[in-house]
Amino acid sequence: MNQNMAAAMELRCWGGDWGLPSVHTESLIVLAYTKFSGAKVAVSPIDWTWKTITVTVPELVCGDTAVQEPTQILNFLRKQRFNADYELTARQGADTMAYIALLEEKLQPALLHTFWVDAENYSNLTRPWFASRSPFPLNFFVPGRLASGALSRILLTTGEAPLHRISEVEGKIYSDAKECLNLLSYRLGTANFFFGNSPTSLDAFAFGFLAPLHKASLPSSPLQSHLRQLDNLTGFCDNILAVYFSSDHFCKIAAQAGPLPPVQETMDANLQKLTQLVNKESNLIEKMDDNLRSSPQHKPHRPEPKPSLSSAKSSTPA
Amino acid sequence: MSLAAEAFMSQMAAAEPWPENATLYQPLKEDQILLSDCASSLAVQAYLRMCGLPVQVFCRANAEYMSPSGKIPFIHVGNQVVSELGPIVQFTKAKGHSLSDGLDDVQRAEMKAYMELVNNMLLTAELYIQWCDDSTATEISRPRYSSPYSWPLNKILAYQKQWEVRRKMNAIGWGGKTLEQVYEDVSQCCQALSQRLGTQSYFFNKQPTELDALVFGHLFTILTTRLTSTELAERVKSYSNLLSFCRRVEQTYFEDKSS
């Protein structure tokens, strides 16, 4: 009977693009977990349907029950005996919870900002994509609603809303996110997955957060360039795409490089650390420089030299 | 604070040693302070004691408004004001005192992850129980929060704070949770901390770090604060190694404290 129930599971999520099975972080987390745990789930993207405005995505429908939110969906799948964390020790399970909390607190605000609040990215990439995937007339409402949800989430969690505006928290959330990426990179090291050789729910969460940042063609993103320098994290995403999603018809470009070998430690660990440190310092120096130049106390250079009273026409002093 | 301002602050902080007259501000202890603020304040006090840095605790009714970020607690050192555990840790590091220097990169990543877990789960649960649970909010939180003020200001401030916290809970998805689910989350968080601690004295080797200070602050406050129901304290008490951890930190660093 469990088999029948399992066959009847349907996952509603946003569709895929840029080489990913879905562009939406939470949908990606659930999709990755279903692949890792071997759950058979019928994926029904909500693109071009009215569900874009009526349904909270992602949503798992099984018989009569509907479950939302990635953590709840993962719990539900575990209860159905699709458990990717079966082989973890208790201590590793605790580490999983901690790292997921780290991702949600430190990385997610910056990701939301990059995709939904940053004006250039939003108008050139995110809004056209979501508008093109929503039916008329929802294409006017859906992206705006998602964007305002993202902005309020950032302000309420990282800044006291009445005191700070988004421009003041921007610096903080991006530096936190870069630090979080560095920490993830240290933790992953040279392994294929975070715990041993088989993927677990932490890998699903990390993949869901990192893959859109890695694959989307964002016009302006310092965070994306920072991620691109962390080879082991980008290799981690590519590896999962190649191994678990290459046969999916959602994934158009994932297999372009062929099945990737496991991540080899090509760069010296010290060199990698030095690169991160240098980037951090150079970003800091850039910001300091910018701030100094725009500071009101900074005396402006003379706009032009004072016109000399005597030198205008006369050529010879004598 | 922008990155440049943080860099300047570090520079200025590094210039002077820790003075004798450093002070920590928090709301009034008997009447006003709430569970979540008390936990954060105790965490900072524990951290400073672990570093061996003297600090005097002053209780002020308007501490929340004096704080540069609006959060409790904040410390006043020399001519600088720093609030919240994260920035305070960086500030003391700039002055040359640090508890986590001996950790390697992977351990530091773990420490930061566990600190985020405590902030994400324990602190949010404390806020939820204080402000989103109607009985606690009516009997304890609102009266305490507004006790220094007279009518009608006390009503306005209390309801404003409650509205803000509820907005935040809705934004992060905790608005739809029941009290039972919140207690369950607290249990899971305590279980994770208990498994990480195991039989060790502190979370990392034999030396305490800021994670120990943070966990101590929250757990000790939960265990010693009276709420409308004892469910929260009971959940924490079921993990014996966490209890002995709290007792150990209290005896080692707070033995001259009378409460």
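The values are calculated or read from the model by the stated rules, or taken from the named source; none is laboratory data. The model shown is predicted, which means the values in this text are computed figures rather than measured ones. Positions of Cβ are generated from backbone atoms using ideal geometry, with glycine treated the same way; all protein chains shown enter the neighbour counts.
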Quiz item: Going by the structure shown, is residue B:64 part of a helix (DSSP H, G or I), within 12 Å of another protein chain (Cβ to nearest Cβ) and closer than 21 Å to residue A:179 by Cα?
Solution: no
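Only one of B:36, B:69 is within 15 Å of the chain's Cα centre (by Cα), outside the structural domain of residue B:246 (by the TED database) and in contact (Cβ under 8 Å) with a residue 60 or more places away in the chain; which? Steps first, answer last, please.
Numbers: B:69 fails: in contact (Cβ under 8 Å) with a residue 60 or more places away in the chain.
Of the residues listed, the single one that is within 15 Å of the chain's Cα centre (by Cα), outside the structural domain of residue B:246 (by the TED database) and in contact (Cβ under 8 Å) with a residue 60 or more places away in the chain is B:36.
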Exercise. Search the range B:186-202 for residues being polar (S, T, N, Q) and part of a loop (DSSP other than H, G, I, E, B), and hand back the single one that is farthest from the other protein chains (Cβ to nearest Cβ).
Key: B:201
Quiz item: Based on what the data block shows, is residue B:168 within 14 Å of another protein chain (Cβ to nearest Cβ) and among the basic types (Lys, Arg)?
Solution: yes
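Residues are listed down the side, and each one gets a yes or a no for (1) more than 24 Å from residue A:51 (Cα to Cα); (2) of a type in the set (Phe, Trp, Tyr); (3) within 14 Å of chain B (Cβ to nearest Cβ):
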{"position": "A:99", "(1), (2), (3)": "yes, yes, yes"}
{"position": "A:105", "(1), (2), (3)": "yes, no, yes"}
{"position": "A:109", "(1), (2), (3)": "yes, no, yes"}
{"position": "A:113", "(1), (2), (3)": "yes, no, no"}
{"position": "A:130", "(1), (2), (3)": "no, yes, no"}
{"position": "A:133", "(1), (2), (3)": "no, no, no"}
{"position": "A:143", "(1), (2), (3)": "no, no, no"}
{"position": "A:146", "(1), (2), (3)": "no, no, yes"}
Quiz item: Does residue A:71 qualify as being surrounded by fewer than 21 Cβ atoms within 10 Å (Cβ to Cβ), under 20 Å from the mean Cα position of the chain (by Cα) and within 14 Å of another protein chain (Cβ to nearest Cβ)?
Solution: yes
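Yes or no: residue A:81 of a type in the set (Lys, Arg) and surrounded by 15 or more Cβ atoms within 10 Å (Cβ to Cβ)?
Values: of a type in the set (Lys, Arg): yes; surrounded by 15 or more Cβ atoms within 10 Å (Cβ to Cβ): no.
In short, no.
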Quiz item: For the range B:160-183, how many residues meet the condition of being under 14 Å from residue A:156 (Cβ atoms) and either in contact with a Pro (Cβ under 9 Å, 6 or more places away or on another chain) or of a type in the set (A, V, I, L, M) (or both)?
Solution: 5
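What are the residues in the range B:84-115 that are among the small types (Gly, Ala, Ser), closer than 25 Å to residue B:186 by Cβ and not assigned by the TED database to the domain that holds residue B:214, if any?
Taking the range B:84-115 as the starting set, the residues that turn out to be among the small types (Gly, Ala, Ser) are B:86, B:94, B:96, B:98, B:100, B:102, B:109, B:113.
Filter again for closer than 25 Å to residue B:186 by Cβ, leaving B:86, B:109, B:113.
Hit for the range B:84-115 is B:86, nothing else.
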Quiz item: Within the range B:157-169, can one find any residue that is assigned to a loop (DSSP other than H, G, I, E, B), under 25 Å from residue A:26 (Cα atoms) and not aromatic (Phe, Trp, Tyr)?
Solution: no
Quiz item: Failed condition for residue B:241, given (1) modelled with pLDDT of 90 or more; (2) out of contact with any Leu (no Cβ under 6 Å at 6 or more places or on another chain), with all others met?
Solution: (2)
Quiz item: Among the helices (runs of 4 or more DSSP H) confined wholly to the range A:18-130, which include 2 or more residues that are in contact with a strand residue (DSSP E or B) (Cβ under 7 Å, 6 or more places away or on another chain)?
Solution: A:25-37, A:70-79
Quiz item: What is the number of the single condition among (1) over 21 Å from residue B:118 (Cα atoms); (2) part of a helix (DSSP H, G or I) that residue A:135 does not meet?
Solution: (2)
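From the list A:87, A:168, which one is facing chain B (nearest Cβ under 10 Å), over 19 Å from the mean Cα position of the chain (by Cα) and not β-branched (Val, Ile, Thr)? Before the answer, list the steps.
Values: A:87 fails: facing chain B (nearest Cβ under 10 Å).
A:168 is the lone residue from the list that is facing chain B (nearest Cβ under 10 Å), over 19 Å from the mean Cα position of the chain (by Cα) and not β-branched (Val, Ile, Thr).
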Quiz item: What are the pairs, 6+ residues apart or on separate chains, where a residue within the range B:44-61 that is part of a strand (DSSP E or B) has its Cβ under 9 Å from a residue that is among the small types (Gly, Ala, Ser)?
Solution: B:56/B:22; B:57/B:41
Exercise. Kindly provide the set of residues from the range A:183-213 that are touching a residue at least 24 places away in the same chain (Cβ under 8 Å), away from chain B (no Cβ under 14 Å) and surrounded by fewer than 20 Cβ atoms within 10 Å (Cβ to Cβ), ordered by number.
Key: A:192, A:193, A:196, A:198
